[in-house]
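A.B. asks: Sharing a structure with you now.
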Amino acid sequence: MPTTAQLSADPIGIAELADLVIAGNAVSAGQARQLLDVAAGSPAAQALFAGACRIRDHFLGQRVKCCSILNVKAGNCSENCSYCAQASGTPATAYDKHGWLSDQDIAVASQSAAENGASALGLVAAWHGVKEGSQLEMVCDAIEKFSHNGKVRADVNLGILASQKVADRIKQAGAAVYGHNLETARSFFDNICSTHSFEERLRTVEYIKKAGMGLCSGGIIGMGESRDQRIEFAEQVRFIEPDMVPINFLNPIPGTKLGNRPVLDADEALISLAVFRFMLSDRNIMAAGGKEITLKDRLHEVFAVGVNAVMVGNYLTTMGTSPDYWKEAAARHGLTLSQEVEAIDQDSSSCGCG
Ligand code: SF4
């Protein structure tokens, strides 16, 4: 096993580490932390990216999964997530605030997601969590109709779950996958949100898994967390074993609490994705929101660092990239887009806001 002290400048050691991951070994937090320090453009970075792609190809093949999301209830959220334009008290107005969309609107969005090459559509609601009683029943009625239309897999992202009973009811209504991000490292979470806790998020993850829904859970990088905390976050994600790990990059929206933060450096973002692939070897890793502003004309390089899923279509409050771009980008890296609507299984995917 390569020693952690040498890894960040040791391309041969990094290639050997990739071999060990492919053979079924786990990368330690110390090794992952060393990998985060590889210098952009160095032979070590090349070995990191090549290793990440070998690991992806070995565990997940060369097919790219595409998901889409729909803001089914937008704006005026009670929560105060610092990065979010929908957070309570945020004056951002660049998106349409609305209550729960009609079944017809959801059906139109499913059709459009399918036409955009997405195999799943996640219904995302801006609130603390769905409330038991009439609101839960209204939501479940909508999920039932959505899941029966068969255009795309029916996923949801409905915030904090109050109990196992609520999770079971949502699963029974037909939700295949529940998206609920950990957002960031536990040790950094209080800097990001104070209206709910990291522990509430972990409890919600437990309810999702016990209900038998697929789990989509990742977070956002570039919010001011240290590199140590980025590894801590990935360790926590590894612990909960999501089917899909969406990695968002902070898009500093004016008016939000993080609106003045610089955009993450593109090399740092790509190196982070590759390190996550070493750590989360057999999980689906999705390049999600904020990738356009972070990577700009290097967007296609997500496929050169071990990513196997992308969010297509528009995001919650910002515009995304056209499906044609992704098709071409995947082909450029020897990959193909998967357009199958996946069944409910433990290899499922989704995407999520908070
Ligand atoms: S991320 Fe989700 S929970 Fe947090 S403020 Fe935005 S909409 Fe609300």
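A.B. asks: Quick check on V64: is it under 19 Å from A304 (Cα atoms) and assigned to a strand (DSSP E or B)?
C.D. replies: It is true that V64 is under 19 Å from A304 (Cα atoms) and assigned to a strand (DSSP E or B).
A.B. asks: Another question, then. Being within 25 Å of I160 (Cβ to Cβ) and either modelled with pLDDT under 85 or within 12 Å of the ligand (Cβ to nearest atom) (or both) is the filter here; which residues of the range 92-112 pass it?
C.D. replies: A92, Y95, D96, K97
A.B. asks: Working carefully through the options A154, A114, find the one that is hydrophobic (A, V, I, L, M, F, W, C), within 20 Å of K65 (Cβ to Cβ) and in a helix (DSSP H, G or I).
C.D. replies: A114
A.B. asks: So which of G41, G89 is surrounded by fewer than 21 Cβ atoms within 10 Å (Cβ to Cβ), outside any helix (DSSP H, G or I) and modelled with pLDDT under 90?
C.D. replies: G89
A.B. asks: For the range 68-88, give me the residue count where each residue is of a type in the set (S, T, Y), over 21 Å from L264 (Cβ atoms) and within 9 Å of the ligand (Cβ to nearest atom).
C.D. replies: Final tally of qualifying residues: 2.
A.B. asks: Still on this structure, I have one more. Going by the structure shown, is V152 within 16 Å of the ligand (Cβ to nearest atom), more than 26 Å from L258 (Cβ to Cβ) and in the same structural domain as A87 (by TED's automatic domain parsing)?
C.D. replies: In short, no.
A.B. asks: Related question: Inside the range 63-82, can you point out the residues that are in contact with a helix residue (DSSP H, G or I) (Cβ under 8 Å, 6 or more places away or on another chain) and more than 18 Å from H180 (Cα to Cα)?
C.D. replies: Residue satisfying the conditions is V64 alone.
A.B. asks: Within the group L202, L264, which residue is at pLDDT 95 or above and closer than 20 Å to H128 by Cβ?
C.D. replies: L202
A.B. asks: Please pick out the residue among S8, S78, S28 that is among the hydroxyl-bearing types (S, T, Y), closer than 24 Å to F249 by Cβ and more than 21 Å from the chain's Cα centre (by Cα).
C.D. replies: Unique residue meeting the criteria: S8.
A.B. asks: Is at least one residue of the range 125-139 more than 16 Å from the ligand (Cβ to nearest atom), under 23 Å from the mean Cα position of the chain (by Cα) and crowded, with 19+ Cβ neighbours inside 10 Å?
C.D. replies: Checked the range 125-139: no residue is more than 16 Å from the ligand (Cβ to nearest atom), under 23 Å from the mean Cα position of the chain (by Cα) and crowded, with 19+ Cβ neighbours inside 10 Å.
A.B. asks: Go through the range 236-269 and count every residue that is under 18 Å from D190 (Cβ atoms) and assigned to a helix (DSSP H, G or I).
C.D. replies: Of the residues in the range 236-269, 1 are under 18 Å from D190 (Cβ atoms) and assigned to a helix (DSSP H, G or I).
A.B. asks: With G24, G75, G89 as the choices, which residue is free of Cβ contacts under 8 Å to residues at least 12 places away in the same chain and more than 25 Å from R230 (Cα to Cα)?
C.D. replies: Of the residues listed, the single one that is free of Cβ contacts under 8 Å to residues at least 12 places away in the same chain and more than 25 Å from R230 (Cα to Cα) is G89.
A.B. asks: Let me ask something else about it. From the list E241, E301, E235, which one is at positive phi and at pLDDT 95 or above?
C.D. replies: Only one candidate qualifies: E241.
A.B. asks: On the given criteria, is V177 within 16 Å of the chain's Cα centre (by Cα) and away from the ligand (no atom under 16 Å from the Cβ)?
C.D. replies: yes
A.B. asks: Could you figure out which of (1) in contact (Cβ under 8 Å) with a residue 12 or more places away in the chain; (2) polar (S, T, N, Q); (3) surrounded by fewer than 24 Cβ atoms within 10 Å (Cβ to Cβ) isn't true of N248?
C.D. replies: Evaluating N248 over (1) in contact (Cβ under 8 Å) with a residue 12 or more places away in the chain; (2) polar (S, T, N, Q); (3) surrounded by fewer than 24 Cβ atoms within 10 Å (Cβ to Cβ) leaves (3) as the failure.
The values are calculated or read from the model by the stated rules, or taken from the named source; none is laboratory data. These numbers were taken from a predicted model, which means no experiment stands behind them. Virtual Cβ from ideal backbone geometry, glycine too; neighbours counted across all protein chains shown.
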